[in-house]
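Worksheet: one structure, shown below.
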Amino acid sequence: VGEKKCGLFVIFVSVQDFLKQGESKSARCDELQSLITKGCTKAKIENPRGSTSINKNKPVTNRKKDMAEKLKADQITQIQPQKITLNLRSGEAQTFKLKFKRAEDYPIDLYYLMDLSFSMKDDLENVKNLGTDLMREMKEVTSDFHIGFGSFVEKTVMPYISTTPARLLNPCTSTNNDTCTSPFSYKNVLKLTEDGEEFNSLVSKQQISGNLDSPEGGFDAIMQVAVCGEAIGWRNVTSLLVFSTDAGFHFAGDGKLGGIVLPNDGKCHLENNMYTMSHYYDYPSIAHLVQKLSDNNIQTIFAVTEEFQPVYKELKNLIPKSAVGTLSSNSSNVIKLIIDSYNSLSSEVILENGKLPEGVSITYKSICKNGWVGTGENGRKCSNISIGDEVSFEIAIKSEKCPPEGNSETITIKPLGFTENVEIVLNFICECECSKDGKPLSEMCHNGNGTFECGACRCNEGRIGRLCECSTDEVRTDDLDANCRKDNGTDICSNNGDCVCGTCECKKRENPEERYSRKFCECDNFNCDRSNNKLCGGHGRCECRVCICDANYTGSACDCSLDTSTCLAANKQICNGRGTCECGVCKCTNPKFQGPTCEICPTCPGVCAEHKDCVQCQAFETGEKKDTCKRDCSYFNLIRVKDRDKLPQPADQSYPLSHCKERDANDCWFYYTYAVRNHTEREVYVVDTLECPAGPDIIPIVAGVVAGIVLIGLALLLIWKLLMIIHDRREFAKFEKEKMNAKWDTVRRITPAYCRITPTNVRSENNCSGCFLLFTLQISVPLKARGNSV
């Protein structure tokens, strides 16, 4: 935002007399609605918009492998469009769509880079026939396949290798009687070629070498393969680098062990296909390798043994478009590893963009196979893409500010591992159209001291003021400052602005909606009273620290509504006729009542209880007030109805209405309604028939009591009879048992007993001695007197 810059979502106005006192020229830049509110017509508002135009839009290639016509790589298109121009306005994003389609039979270059340290001896034997075998397999993928070969060992300095003369000639141990070639850093054995037999021939002539430490100098070799494009023979096609090893790697900083401190320069240093600067430059860093591999669109396949899988998987996460495969101990599975890794790499497309200008941002959204949508970092890529599949990306580019010079910038977007890219030209809208019609040395700018453009003066160098009327060399500050003090006070521009050429230019606030104004910047539009944390309650505007309220609002903070709809009760009366509506809130006049519409009376007995006695005496001439009814109960009109259905209902009335149900001294219920019509007229509708409970029916009660007594007597007799039956049965069982015992005693016979008694010292009257008495004794026991008689 500035006197000529159109900033974030702001508009420039080209009316000459638009500015008010105290406003700087930058106040011409504002939001559209704000400018219209301040009195500027749409015809005088500059509102430039961004745009997108496609400059090159060659359609993607639909090619089949079995087609008779063979296309060159530069004739195949996989991404569309190829060039776009964006006109960017600050804060406004421009969106465009890219389409990507994997072409069938796309040419492939594969360079096999192998570790030839001694531990890879058995692997070399299996790689010697790799050329023809891999050619045969790759023919299933592409008809245009080139293959090359390179090898590496280690830097040729201590402590990486032994520098004794004998070990320089043959670094392998003499105990194995092995003959090895001299150690070297990197050797380009075979430039990329389509002749598989030549690959086999040259590779079969290679010999193993040796070094001292376990990590190898593979990063030196990868750097040279990436940057020596002409020597390697890279074409502008899919480029694969297969890195085969059974050990770890040295990286930047490790060269210090050998006294090498110069960072790797990332340039090609091949002489006679040998890397000649390994002793001079340190190993490259991982970030340096990533940059060079990406710049040259090379996809890396790490074919490593199981032991070093974790190390190279971590490295893979740092190198985009790379893969890791498990190499068997003798490299027998290398062809399958290469095919699988190629399929994995080619099935994923990842977009990357070049360096963005300052203040420019870019976002991606991917629309992938099967309608899958990715956003954020996932918006850059699509996976599981087969040959012939088409995916698209929605890309939005936004500029937050104009670059310092306002010049055009160019960035590129490309899929990683592919040679094609999209060129995007960024033009920044930093000037309004009206600036093109500016009048240099205009008389409207104090005798030609500026250019009059867009309704304002742009002063020449050395001139200041709204009309460029002052010179920076001739200004006497004290004299001019006096014109910027209100009422001869001490504050310049009320401490809210700067005195420029004797005129106050008010300060700008961080919030563009807030501004100072008037001649001495004494007014503002943000220091008014607030309500609910909103300026002027959100129902007015602030002018010179005073709220100007909208219609139907009043108060210092415009927080008092004149609308009475919020005070309407259910009966359509304002505050139920018991209060007044102030600022949209009921103020109850009777302190007994409360609630949003004065409908609640916690201490009141209730309308029904209050009027019960009067209704009872008027309608039925009963109750406590029947003797004073005319005196105390003549304040309402009584209307009789036949039944409760005839009583008025609340929904049919526009005034308060209460339904009542009360009981008199005889326990009879009566029903009525109480209402106040027009605030004064009270009406009572009453059902003229009492609902009294009916008297008891004596006959059913007596019959019920008698029946109850009879039933209870019968129940008791039944219980007694049951107990007697149980007792008799028990006695009979006992009798039967004793009877059985008596029969057993009768049947049993008693054996007669014969006794001989020899009396001693027995004398008879006849003085007879030695006499014997013979008798028979039978004992009989009667059944009923057993044991009592013999």
Candidate set from the stretch 98-121 (those that are farther than 23 Å from Asn297 by Cβ and among the charged types (D, E, K, R)); member that is surrounded by the fewest Cβ atoms within 10 Å (Cβ to Cβ): Lys121
Complete set of residues in the stretch 353-389 that are surrounded by 15 or more Cβ atoms within 10 Å (Cβ to Cβ), in a strand (DSSP E or B) and not aromatic (Phe, Trp, Tyr): Asn353, Val360, Ile362, Thr363, Lys365, Ser366, Ile367, Gly374, Lys381, Cys382
Sole exception among (1) in contact with a Ser or Thr (Cβ under 8 Å, 6 or more places away or on another chain); (2) closer than 20 Å to Thr95 by Cβ for Lys439, by number: (2)
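Starting from residues that are more than 30 Å from Glu662 (Cα to Cα) and open to solvent by 80 Å² or more (accessible area, probe 1.4 Å), keep the ones in the stretch 686-701 and report whichever is farthest from the chain's Cα centre (by Cα).
Here is the first cut: in the stretch 686-701, the residues more than 30 Å from Glu662 (Cα to Cα) are 699-701.
Applying the additional criterion that residues be open to solvent by 80 Å² or more (accessible area, probe 1.4 Å) yields 699, 701.
Numbers: Ile699: 81, Ile701: 77 Å.
Taking the candidates together, the pick is Ile699.
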Members of the stretch 282-292 that are open to solvent by less than 10 Å² (accessible area, probe 1.4 Å) and under 37 Å from the mean Cα position of the chain (by Cα): Leu289
Top-ranked residue in the stretch 221-270 [being open to solvent by 30 Å² or more (accessible area, probe 1.4 Å) and of a type in the set (A, V, I, L, M); ranked as nearest to the chain's Cα centre (by Cα)]: Ala252
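Residue check: is Phe149 over 25 Å from Lys72 (Cα atoms) and not hydroxyl-bearing (Ser, Thr, Tyr)?
Numbers: over 25 Å from Lys72 (Cα atoms): no; not hydroxyl-bearing (Ser, Thr, Tyr): yes.
Judged against the criteria, Phe149 is not a match.
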In the stretch 575-594, residue least open to solvent (accessible area, probe 1.4 Å) [restricted to those that are closer than 30 Å to Val687 by Cβ and part of a loop (DSSP other than H, G, I, E, B)]: Phe593
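Would you check if there is a residue in the stretch 274-281 being surrounded by fewer than 22 Cβ atoms within 10 Å (Cβ to Cβ) and in contact with a helix residue (DSSP H, G or I) (Cβ under 7 Å, 6 or more places away or on another chain)?
The first filter runs over the stretch 274-281 and keeps only residues surrounded by fewer than 22 Cβ atoms within 10 Å (Cβ to Cβ), leaving 274, 276-277, 279-281.
Still in the list and also in contact with a helix residue (DSSP H, G or I) (Cβ under 7 Å, 6 or more places away or on another chain): none.
No, the stretch 274-281 contains no residue that is surrounded by fewer than 22 Cβ atoms within 10 Å (Cβ to Cβ) and in contact with a helix residue (DSSP H, G or I) (Cβ under 7 Å, 6 or more places away or on another chain).
Has the stretch 141-155 got any residue that is under 30 Å from Gly258 (Cα atoms), open to solvent by 10 Å² or more (accessible area, probe 1.4 Å) and of a type outside the set (Asp, Glu)? Steps first, please.
Of the residues in the stretch 141-155, the ones under 30 Å from Gly258 (Cα atoms) are 149-155.
Narrowing further to those that are open to solvent by 10 Å² or more (accessible area, probe 1.4 Å): none.
No: zero hits.
To keep it simple, each residue is scored yes or no on (1) in contact with a Leu (Cβ under 9 Å, 6 or more places away or on another chain); (2) among the β-branched types (Val, Ile, Thr); (3) open to solvent by less than 50 Å² (accessible area, probe 1.4 Å); (4) more than 30 Å from Tyr275 (Cα to Cα).
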site: Leu71; (1), (2), (3), (4): no, no, yes, yes
site: Asn87; (1), (2), (3), (4): yes, no, yes, yes
site: Thr95; (1), (2), (3), (4): no, yes, no, yes
site: Asp123; (1), (2), (3), (4): yes, no, yes, no
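Can you tell me which residues in the stretch 402-417 are assigned to a strand (DSSP E or B) and of a type in the set (Ser, Thr, Tyr)? Don't jump to the end; show me each part of the working.
First, the residues of the stretch 402-417 that are assigned to a strand (DSSP E or B): 409-415.
Thr410, Thr412, listed by residue number.
Would the stretch 198-220 turn up any residue that is without any contact (Cβ under 8 Å) to a residue 12 or more places away in the chain, of a type in the set (Lys, Arg) and open to solvent by 40 Å² or more (accessible area, probe 1.4 Å)?
yes
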Residue list for the stretch 156-188, filter: hydrophobic (A, V, I, L, M, F, W, C), surrounded by fewer than 19 Cβ atoms within 10 Å (Cβ to Cβ) and modelled with pLDDT of 80 or more: Val157, Met158
The stretch 418-461, residues that are open to solvent by less than 20 Å² (accessible area, probe 1.4 Å), of a type in the set (Gly, Ala, Ser) and not in a loop (DSSP other than H, G, I, E, B): Gly450, Ala456
Residue ID - farthest from Cys470 (Cα to Cα), chosen from residues in the stretch 487-512 that are in contact with an Asp or Glu (Cβ under 8 Å, 6 or more places away or on another chain) and open to solvent by 40 Å² or more (accessible area, probe 1.4 Å): Pro512
Among (1) exposed (fewer than 11 other Cβ atoms within 10 Å of the Cβ); (2) in contact with a helix residue (DSSP H, G or I) (Cβ under 9 Å, 6 or more places away or on another chain) - the single one Ser658 does not satisfy: (1)
Flag if Asn527 is free of Cβ contacts under 8 Å to residues at least 12 places away in the same chain and either in the same structural domain as Gln649 (by the TED database) or over 30 Å from Thr589 (Cα atoms) (or both): no
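The values are calculated or read from the model by the stated rules, or taken from the named source; none is laboratory data. In this text the structure is predicted, and so the values were computed from the model without any measurement. Positions of Cβ are backbone-derived with ideal geometry, glycine not excepted, and every protein chain shown enters the neighbour counts. Remember, those area values only see protein heavy atoms, side chains included, never the ligands or the DNA or RNA. Shrake-Rupley method; radii C 1.70, N 1.55, O 1.52, S 1.80 Å.
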